[in-house]
Amino acid sequence: MIVSERITQRWQISNKRLPFLLGVVIVLGAVVMAIFSGLIARYGPEDADASRILLPPSTHNWLGTDINGSDIFSRIVWGARIDLTIALVSTLAGASVGTAIGVWSGFYFGRPGWTGWLSDAILRFMDVFQAFPIFVLALALVSSLGRNIYVVIYVLIALQIPIFVRLARSAVLHTRQETYIESARCAGNSELRLILFHVLPNSLTPTLVNGSVVAGQALLLTAGLSFVGAGVPAPTPEWGYMVAVGAPSLITGQWWAALFPGAVIGVIVLGFALVGDGIRAYLDPTTR
Amino acid sequence: MRLTKFIARRLLLAIPQILAITVVTFVILRILPGNPAYELVGPFATPDTLNAMEHHLGTDRPLPVQYGTYISDLLHGNWGDSWFSTRPVTDELKDRLPATLELITLSSLIIMLGGLLAGLLVALTRARFLDRGIAFYGLLSGSFPDFWLALALSYIFFFKLGWLPSPTGRLDIEVNPPQHVTGFYTVDSLLTQNWTAFRSAFSHLILPVLTLSIVYTAGIVKMTRSTVDEMLRSNMCTYARACGLPDRVVLRYALRNGLPPILTLMGLTYGYLLGGDVLVEKVFSWNGLGSYVVDSVVRADYSPVQAFVLLAAMANFLIYLVVDLTHLIVDPRLEY
């Protein structure tokens with residue numbers, strides 16, 4: 001009796017957290033794939049065998065081969081290094097810079113003098129930046145600055161800063177009028193100390209919840225850029241580029257070359273979204 | 001009178017923002033590595049010819065001067081020429097805009113109707129499995145790349161089932177485009193009663209429209225579900241129900257009061273699609289604005305990209321204005 005109750009109880013808890021756990025498993029799996037690529041993949045990232053073109057999935061080539069005769073499974077595994085590095089590094093950097101700017105501008109919003117003016121100017125500037133069609137902006141920036149991984153990362157950081165500025169700023173606008181901030185001020189804390197130790201830690205919820213989703217979006221954008229041939233340069237195993245390579249064979253029936261790498265992108269973005277949902281549910285007391 | 005004043009003020013406010021957008025676009029594009037003069041005269045030209053061409057195009061002058069010329073041309077209705085095709089950009093936009101508009105307008109209609117109906121269904125039945133289903137669909141549609149979905153759909157419906165034509169362009173090769181009236185092939189062929197062209201244009205539209213609809217309906221469904229649900233639980237609706245009003249009327253109240261955020265999201269989606277359907281256009285070789293811009297960026301062709309960004313920015317401001325105006329109609333309490 002007690003045992004079965006325990007089991008159902010435990011099952012209920014895990015049932016509620018199942019999506020979150022699934023997300024964590026997906027993301028961790030992708031990270032493991034990126035770190036241990038050399039052990040998991042059977043072939044090198046740019047190995048190609050001209051005698052084994054467009055072979056369907058088999059026990060030897062688990063996900064088939066592409067038009068160049070490369071093993072798709074191996075290239076997907078190697079691609080995790082490129083795509084995850086781009087998505088995670090750009091999101092971490094974008095979140096740090098964007099949150100710093102957002103917290104500052106939220107804290108000083110509406111103040112007389114240059115601080116209030118600058119806070120307003122930052123918001124206007126972000127408005128202009130966000131009025132662009134995001135994909136076209138990314139494409140123009142990457143083409144103008146050069147097609148390599150570093151440029152893609154810089155461009156993604158630039159595109160993510162406004163998102164995080166907004167998230168942090170709107171949270172700070174709420175936090176700064178809380179009574180505990182007022183009492184901290186009355187206790188004689190300096191403005192810098194107020195921002196760093198009182199406002200900032202209490203305004204991070206939206207950033208944490210959305211950060212994971214933004215990382216997924218960064219992955220989609222990276223893949224999209226490579227898909228039109230403007231992202232990471234050609235032979236590099238990048239998932240979006242692999243879809244582009246496989247696309248022409250799709251309408252003659254060789255679906256594996258395009259659909260497998262794209263599905264991997266989808267599953268990993270899904271993983272990020274599930275992690276984000278899980279964090280949201282955990283931090284929101286009404287759904288916990 | 002106050003309404004005209006409101007609209008005028010909004011349009012005035014848009015001007016500095018649009019100007020700022022043109023500055024940013026202009027600067028980004030001038031950093032592009034290509035030299036259009038070199039592309040035009042070819043690799044065997046003498047330095048003199050190259051200089052003459054640069055002088056002719058105006059690319060040898062300082063950036064602020066070039067920007068000044070660009071703005072004054074713009075105000076005179078001259079959006080510049082494409083250096084690749086040597087045609088005025090406005091002509092090229094006119095050729096390609098209908099293709100994109102046909103695609104995104106039809107998609108948006110389906111997204112709005114489908115999203116609204118599905119959202120209402122979930123909010124009204126409050127069935128748990130429908131709720132879960134919507135959440136799951138939202139996660140999936142936001143995660144898988146739109147170009148991947150486009151490819152998967154064309155594999156299934158073209159290669160496997162053979163129900164739809166190959167995913168290349170707006171018409172079958174052997175079909176002539178219908179007489180030009182609006183530029184929308186489906187509308188034009190209906191107007192001129194050209195049934196072969198209509199069938200061809202319509203069957204080519206199905207897959208891209210389906211792709212965009214699947215990807216972008218989720219947001220509207222979720223928004224409709226949550227706002228209508230919230231409204232139905234509000235005091236206002238409880239009171240209406242307590243007064244004995246039929247469910248139909250209560251629902252009308254709920255919908256009318258929940259409409260503003262839904263309308264905003266619909267407007268946002270339409271504006272987003274104008275630049276956001278690029279990848280789907282690429283997959284289906286759709287000769288629209290999106291593929292035009294991508295090709296132009298790659299060729300360092302400044303004018304089309306500038307024109308597109310300007311057009312998209314103006315369209316977005318206009319959409320926001322229309323959305324806000326519909327808010328005024330839906331909610332008379334709002335002040336402007």
Legend entry - The one condition in (1) more than 18 Å from A:Ala218 (Cα to Cα); (2) at pLDDT 80 or above; (3) in contact with a Gly (Cβ under 6 Å, 6 or more places away or on another chain) that A:Arg52 fails to fulfil: (2)
Legend entry - Residues of the stretch A:224-243 classified as touching an Asp or Glu at 6+ places or on another chain (Cβ under 8 Å) and without any contact (Cβ under 8 Å) to a residue 24 or more places away in the chain, total: 1
Inset, instruction - Give the stretch A:50-74 a look and list any residue that's closer than 11 Å to A:Gln254 by Cα and not charged (D, E, K, R), or say none. - result: A:Ile53, A:Leu54, A:Leu55, A:Pro56, A:Pro57, A:Gly64, A:Thr65, A:Ile67
Inset, instruction - Please state which of the following conditions B:Leu97 fails to meet, knowing it meets all the rest: (1) surrounded by fewer than 19 Cβ atoms within 10 Å (Cβ to Cβ); (2) more than 23 Å from A:Ala258 (Cβ to Cβ); (3) modelled with pLDDT under 85; (4) not hydroxyl-bearing (Ser, Thr, Tyr). - result: (3)
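How many residues does the stretch B:237-269 contain that are of a type in the set (A, V, I, L, M, F, W, C) and closer than 22 Å to B:Thr326 by Cα?
Step one: filter the stretch B:237-269 for residues of a type in the set (A, V, I, L, M, F, W, C), giving B:237, B:240, B:242-243, B:245, B:249-251, B:254-255, B:259, B:262-263, B:265-266, B:268.
Checking the rest, the ones that are also closer than 22 Å to B:Thr326 by Cα come to B:249-251, B:254-255, B:259, B:262-263, B:265-266, B:268.
Going through the stretch B:237-269 one residue at a time, the tally reaches 11.
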Inset, instruction - Would you be able to say whether some residue in the stretch A:144-151 is buried (at least 17 other Cβ atoms within 10 Å of the Cβ), of a type in the set (S, T, N, Q), under 16 Å from B:Val293 (Cβ atoms) and free of Cβ contacts under 8 Å to residues at least 12 places away in the same chain? - result: yes
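Can you tell which of B:Tyr336, B:Tyr272, B:Tyr320, B:Tyr292 is out of contact with any strand residue (DSSP E or B) (no Cβ under 8 Å at 6 or more places or on another chain), within 14 Å of another protein chain (Cβ to nearest Cβ) and at pLDDT below 85?
Working: B:Tyr336 fails: within 14 Å of another protein chain (Cβ to nearest Cβ); B:Tyr272 fails: at pLDDT below 85; B:Tyr292 fails: at pLDDT below 85.
Result of the check over B:Tyr336, B:Tyr272, B:Tyr320, B:Tyr292: B:Tyr320.
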Legend entry - Only one of A:Ala140, A:Ala95, A:Ala87, A:Ala131 that is surrounded by 19 or more Cβ atoms within 10 Å (Cβ to Cβ), at pLDDT 90 or above and within 14 Å of chain B (Cβ to nearest Cβ): A:Ala87
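In this structure, does B:Arg170 turn out to be of a type in the set (Lys, Arg) and more than 30 Å from A:Leu250 (Cα to Cα)? Spell out the reasoning first.
Details: of a type in the set (Lys, Arg): yes; more than 30 Å from A:Leu250 (Cα to Cα): no.
When the stated conditions are applied, B:Arg170 does not pass them.
Please go through the stretch A:104-116 and give me each residue that is hydrophobic (A, V, I, L, M, F, W, C), in a helix (DSSP H, G or I) and within 12 Å of A:Leu173 (Cα to Cα), ordered by number. Give the derivation first.
Narrowing the stretch A:104-116 to residues hydrophobic (A, V, I, L, M, F, W, C): A:104, A:107, A:109, A:114.
Cutting the leftovers down to in a helix (DSSP H, G or I) gives us A:104, A:107, A:114.
Within the stretch A:104-116, A:Trp104, A:Phe107 meet the criteria.
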Inset, instruction - Residue by residue through the stretch B:298-335, note down the ones that are touching a helix residue (DSSP H, G or I) at 6+ places or on another chain (Cβ under 6 Å) and free of Cβ contacts under 8 Å to residues at least 12 places away in the same chain. - result: B:Leu334
Legend entry - Considering residues of the stretch A:227-243 that are surrounded by fewer than 23 Cβ atoms within 10 Å (Cβ to Cβ) and hydrophobic (A, V, I, L, M, F, W, C) only, the residue farthest from the other protein chains (Cβ to nearest Cβ): A:Ala234
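When you check A:Arg169 against the structure, is it within 11 Å of A:Phe107 (Cα to Cα) and at pLDDT 90 or above, yes or no? Break it down stepwise before answering.
Values: within 11 Å of A:Phe107 (Cα to Cα): yes; at pLDDT 90 or above: yes.
Yes, satisfied.
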Inset, instruction - Please work out if B:Ile156 is part of a loop (DSSP other than H, G, I, E, B), surrounded by fewer than 17 Cβ atoms within 10 Å (Cβ to Cβ) and more than 25 Å from the chain's Cα centre (by Cα). - result: no
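Could you pull out the residue among B:Leu139, B:Leu164, B:Leu149 that is within 12 Å of chain A (Cβ to nearest Cβ) and part of a loop (DSSP other than H, G, I, E, B)? Steps first, please.
Numbers: B:Leu139 fails: part of a loop (DSSP other than H, G, I, E, B); B:Leu149 fails: part of a loop (DSSP other than H, G, I, E, B).
It is B:Leu164.
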Legend entry - Unique residue being over 27 Å from A:Ala138 (Cβ atoms) and at pLDDT 75 or above when the list is B:Leu63, B:Leu40, B:Leu75: B:Leu75
Inset, instruction - Can you work out which of the residues in the stretch B:74-128 that are assigned to a helix (DSSP H, G or I) and among the small types (Gly, Ala, Ser) is nearest to B:Pro36 (Cα to Cα)? - result: B:Ala99
Legend entry - Subset of the stretch A:256-272 (residues that are surrounded by fewer than 23 Cβ atoms within 10 Å (Cβ to Cβ), at the interface with chain B (Cβ under 7 Å from one of its Cβ atoms) and touching a residue at least 60 places away in the same chain (Cβ under 8 Å)): A:Leu270
Inset, instruction - Answer yes or no as to whether A:Ser119 is more than 9 Å from chain B (Cβ to nearest Cβ), assigned to a helix (DSSP H, G or I), under 20 Å from the mean Cα position of the chain (by Cα) and of a type in the set (Ser, Thr, Tyr). - result: no
Inset, instruction - Given the conditions (1) away from chain B (no Cβ under 14 Å); (2) under 30 Å from A:Gly106 (Cα atoms), report the number of the one that A:Asn210 does not fulfil. - result: (1)
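Residues that are without any contact (Cβ under 8 Å) to a residue 40 or more places away in the chain and surrounded by 19 or more Cβ atoms within 10 Å (Cβ to Cβ): which helices (runs of 4 or more DSSP H) entirely in the stretch B:187-294 hold 3 or more of them? Please lay out each step first, then the result.
Details: elements: B:195-232, B:235-242, B:247-276, B:278-283.
Of the helices (runs of 4 or more DSSP H) lying wholly inside the stretch B:187-294, those with at least 3 residues that are without any contact (Cβ under 8 Å) to a residue 40 or more places away in the chain and surrounded by 19 or more Cβ atoms within 10 Å (Cβ to Cβ) span B:195-232, B:247-276.
The values are calculated or read from the model by the stated rules, or taken from the named source; none is laboratory data. Keep in mind the model is a prediction, meaning the values are calculated, not measured. Reconstructed Cβ throughout: ideal geometry from the backbone, glycine too, with neighbour counts over all protein chains shown.
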